[in-house]
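The values are calculated or read from the model by the stated rules, or taken from the named source; none is laboratory data. Since we're looking at a predicted model, the values are computed, not measured. Because the Cβ atoms are built from the backbone with ideal geometry, glycine has one as well, and the counts that use them run over all protein chains shown. All accessible areas refer to the heavy atoms of the entire protein, side chains included, with ligands and DNA or RNA removed. Shrake-Rupley method; radii C 1.70, N 1.55, O 1.52, S 1.80 Å.
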Amino acid sequence: MSPRKKFLAVGVAAAAVLGVAGVTAIAPSAAQATHDRGPKPTVVLVHGAFADSGGWNGVTRELLRDGYPVVAAPNPLRGVASDAAQLKAKLAQIDGPIVLVGHSYGGMVISAAATGNPNVKALVYIAAFTPDTGESAFTLASKFEGSTLPQTLRPVPLPDGNVDLYVDQKMFRQQFAADVPTKDAALMAATQRPATAAALNEAAAGEPAWRTIPSYHLIAEDDKTIPAKLQHFGAERAHGVKQREKGASHAVFVSRADDTADFIERAARETD
């Protein structure tokens, strides 16, 4: 825990001892939040396949405590272009600077949605795909050895002819969240949102936003879904800032929420 966060935690405990009713956190004042550098950017968090916005709860808690406005945007997981269009519409309603964060397939979405929005100051990829034009999640995942995801997927045919893909709940923890406590991983498995096969096969179109917006990449070194080699490849191609999380699973944003939040805050500070 950083010294700043230790100070906040001590402050909360002291307030409780003094009998201040209803105290759950100490938020910085508006003056403290700006640090004479203008308002803090809004952090927009985009989940990937087989997850939902609730997976960001630990990260969101840390960011809010440190004075950052946060939006955990729902990701439909229906198709790259349509998912990006929905996110793009949401971003257009946010005033001021934005730090846009994507996990896993969410990296496909933020790379498209940020294009042309001057408010997006940084892209943060958390164990995520960093696609170039013409690349899909599936083609990228097969670029390097190491992903065991395909054998864990369970298809559900849909009336429109598409197919929803889920991770087998019995295999979810070992595949997706090996460093997450068993009970928490079971909840994640039960509440996972499926991605369509079409979404994971849809190629990115147009120039990716990472070509013009600074990018930051949190690398989960023990990821069985998106191999670490692929994450490093994407970061290096984008000339982005990298941080390695040794032993981290694909669910690094859950198992290491503090590290993830700190990394997002670094992107916010360095691109202010």
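Summary table
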quantity	calculated
Additional length obtainable on full extension of the chain from H232 to A89, 0.36 nm per residue less Cα span	48.5 nm
Translational diffusion of the chain, µm² s⁻¹ [Kirkwood Rh, Cα pairs; Stokes-Einstein; 37 °C; 0.692 mPa s]	173
Linear extension gain, R269 paired with D52, 0.36 nm per residue minus alpha-carbon span	75.4 nm
Kyte-Doolittle mean at least 0.0, axial Cα span of 27 Å or more - DSSP H helices of the chain	none
Cα principal axis extents for the stretch 166-272, largest first, Å	41, 33, 23
Probe 1.4 Å - accessible area at R266, Å² to nearest ten	80
Alpha-carbon centroids, the stretch 108-154 and the stretch 161-211: separation in whole Å	12
Surface per residue (accessible, 1.4 Å probe) for the stretch 53-120, Å²	35
Residue-normalised accessible area of the stretch 161-272, expressed per residue, 1.4 Å probe, Å²	44
Carbon plus sulfur fraction of accessible area for the chain, probe 1.4 Å, in percent	57
Cα-centred dipole magnitude for the chain, charges only on beta-carbon of K, R (+1) and D, E (-1), debye, nearest 20	400
Shape call, the stretch 57-212: gyration tensor on alpha carbons, a/c limit 1.5	oblate
31 Å Cα-Cα threshold exceeded, pairs from K170/K246; K170/K229; K88/K170; K121/K246; K88/K242	K88/K170
Global geometry of the stretch 73-139, whether rounded, prolate or oblate, following the gyration tensor of its Cα atoms and the 1.5 cut on a/c	prolate
Value at 222 nm in deg cm²/dmol, rounded to 500, when DSSP H runs of n ≥ 4 in the chain each add -39,500 (n - 2.57)	-10500 deg cm²/dmol
